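Structure first, then comments.
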Amino acid sequence: MRRNQVAVVGAAETTELGVIPNMSQIQLHADAALNAIADAGLKLSDIDGFATAVESPQQVCHYLGIKPTWVDGTSVGGCSFMLHVRHAAAAIEAGLCKTVLITHAESGKSMIGKLPRSIPADSLQGQFEAPFGVYGPPSMFPIPVLRFMKTYGITHEQLSMVAVVQREWAAKNPRAMMKDPITVADVLNSRMIAYPFRLLQCCLVTDGGGALILTSADRAKDFPRKPVYIMGTGESVETPMVSQMETFNSSRAFKVAGPLAFKEAGIAHKDVDHLMIYDAFAHLPLFGLGDLGFMPHEETGKFIADGNTRPGGKLPLNTNGGGLSYMHSGMYGMYALQESVRQMRGIAPAQVPNAKISVCHGVGGMFAASGTIIFTNER
Amino acid sequence: MAEPQRARPKPTPETQHFWDGTKASELRLQRCDACAHVYFPPRPFCPSCAHRKVTTFKASGKGTLYSYVINHRPAAPGFTAPYAIAVVELEEGPRMMSNIIDCPQTPEALALDMKLEVAFEQLDDKITLPVFRPAKG
């Protein structure tokens, strides 16, 4: 795909984030979509392309009253929205549609109108993982961590610092769910969830949603907001079974998607001003820093523990507070994208001064899928 | 009300041989007749070279502890926390998820790369699960 041909011209989250007991999941989609449409200065009838995950496109299009000529229901977990951005950019460039709306919403905490997630007993996961006691993401996502730690000499303290640093970012963000400062000792003394991970190393469980609107870069200059251009994109999948990853020392899906995006953008790692790495659990930023090629994996724990990703550090990472402290409805990728767009617009609560390039990297399932989007505010 | 039960696998035509194997106290893997790749989970073709002729064979049952978590909460139905969910690297190459028996479920007792051997835990007359215990000697 050619870089900077498509731009984000509308971006918004749901009016409320956190615990939203008075709204069903489909209404959270609508709330985010209507906010994004207002942000872009558009009418619903201007939307001719639509993408969403988990909920079907027909469900959300009908509810909103959208008549699309292009739809994408790619649903590969929390990074689905990165893939939607990539697919939408290709569709706009190909002339299949002009103005794409991407929505995410999840009643992850209040569970109102949320579709059930179940593992059929005759699926491969149902036969070869479920019988051994996996029960939700905290019992599965951290399974590779001990191997990763042994291979690269990563310590429990370094994995605690991921949570500590992200809380520093969250403290600057009025919409973050958790803002009180924490220490490594707080992390290491928090409730054990699935060894080696404790409560403060696991993402929040909240309600919320978000929406993006994309159009061609040529049209984007006529919109009220500063355009944020899609500079590079990548995607991949590996396996829905965490036990069957090629290795626990890295994520194959990360290693495919990340470099694809960098190549497309034509940038080097030193050009990156701002970075989002989907942090459902504390090990993900370490996998991401290594697999995206920022540094060898063995340096990632020390890099974070030394403060390089904290406010004022040389590589600002997860500046909204991340899934650990900002919010995590279940499919966090949309919120990472929203923060990248805010940073590129220059309106983030913890704004990185003069940031021009933002890398936004997502994971789906337990390392099952991946999507990377590189944004810029300069064409 | 009955006790909540551990999730029970339901075999498919492609996996039946594996579950017939565990019932007979055999851990069965598959090897490609063309490229000799050994793989898991079961399927009637080679995921490395796509060859359709593959041979099912009895694995040694020996492996090492590749990684694990000790799950504290929430516990899956039929499990009492804390319990380890392990990934075992088999001598033949493939890895599989399992549980470690006859071993304290603690970080001290569960050392990465420790030697393991397969054991079989019968759930009912249809399903026997492959689990692992520390290897003797």
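Each reported figure results from applying straightforward, stated rules to the coordinates on display, with no laboratory input. Since this is a predicted model, take the numbers as computed values, not measurements. A quick note on method: Cβ atoms are made from the backbone with ideal geometry, for glycine too, and the neighbour counts reach across all protein chains shown.
Inside the range A:142-157, can you point out the residues that are polar (S, T, N, Q) and either in contact with a Ser or Thr (Cβ under 8 Å, 6 or more places away or on another chain) or at the interface with chain B (Cβ under 10 Å from one of its Cβ atoms) (or both)?
Of everything in the range A:142-157, just one residue is polar (S, T, N, Q) and either in contact with a Ser or Thr (Cβ under 8 Å, 6 or more places away or on another chain) or at the interface with chain B (Cβ under 10 Å from one of its Cβ atoms) (or both), namely A:Thr151.
Taking the range A:201-220 only, how many residues are in a helix (DSSP H, G or I) and within 14 Å of chain B (Cβ to nearest Cβ)?
1
Here's the yes/no breakdown for (1) more than 8 Å from chain A (Cβ to nearest Cβ); (2) touching a residue at least 24 places away in the same chain (Cβ under 8 Å); (3) not basic (Lys, Arg):
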| residue | (1), (2), (3) |
| --- | --- |
| B:Ala34 | yes, no, yes |
| B:Cys49 | yes, no, yes |
| B:Arg52 | yes, no, no |
| B:Ala59 | yes, yes, yes |
| B:Leu65 | yes, yes, yes |
| B:Thr80 | yes, no, yes |
| B:Tyr83 | no, no, yes |
| B:Val87 | no, no, yes |
| B:Leu112 | no, yes, yes |
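Got a number for residues in the range A:140-188 being farther than 30 Å from A:Glu16 by Cβ and in a helix (DSSP H, G or I)?
17
Of the conditions (1) without any contact (Cβ under 8 Å) to a residue 24 or more places away in the chain; (2) within 21 Å of A:Thr14 (Cα to Cα); (3) in a strand (DSSP E or B), A:Val71 fails just one. Which one is it?
All conditions pass for A:Val71, except number (2).
Test A:Gly113 against the criterion of being of a type in the set (Gly, Ala, Ser) and touching a residue at least 60 places away in the same chain (Cβ under 8 Å), and give yes or no.
yes
Taking the residues in the range B:62-112 that are among the hydroxyl-bearing types (Ser, Thr, Tyr) and in contact with an Asp or Glu (Cβ under 8 Å, 6 or more places away or on another chain) as candidates, determine which candidate is surrounded by the fewest Cβ atoms within 10 Å (Cβ to Cβ).
Filtering first and then ranking leaves B:Thr64.
Could you list, in sequence order, the residues of the range A:106-139 that are away from chain B (no Cβ under 13 Å) and not in a loop (DSSP other than H, G, I, E, B)?
Once the filter is applied, which keeps residues that are away from chain B (no Cβ under 13 Å) and not in a loop (DSSP other than H, G, I, E, B), the range A:106-139 yields A:Glu106, A:Ser107.
Based on this model, can you work out whether B:Gln30 counts as polar (S, T, N, Q), surrounded by fewer than 21 Cβ atoms within 10 Å (Cβ to Cβ) and either in contact (Cβ under 8 Å) with a residue 60 or more places away in the chain or closer than 20 Å to B:Leu90 by Cβ (or both)?
no
I'm checking my understanding of the structure. Among residues of the range A:287-315 that are in a loop (DSSP other than H, G, I, E, B) and in contact with a His (Cβ under 8 Å, 6 or more places away or on another chain), which one is surrounded by the fewest Cβ atoms within 10 Å (Cβ to Cβ)?
Initially, the range A:287-315 is screened for residues in a loop (DSSP other than H, G, I, E, B), giving A:292-296, A:306-315.
Filter once more, keeping what is in contact with a His (Cβ under 8 Å, 6 or more places away or on another chain): A:292-294.
Details: A:Leu292: 24, A:Gly293: 14, A:Phe294: 21.
Across the range A:287-315, the extreme among qualifying residues is A:Gly293.
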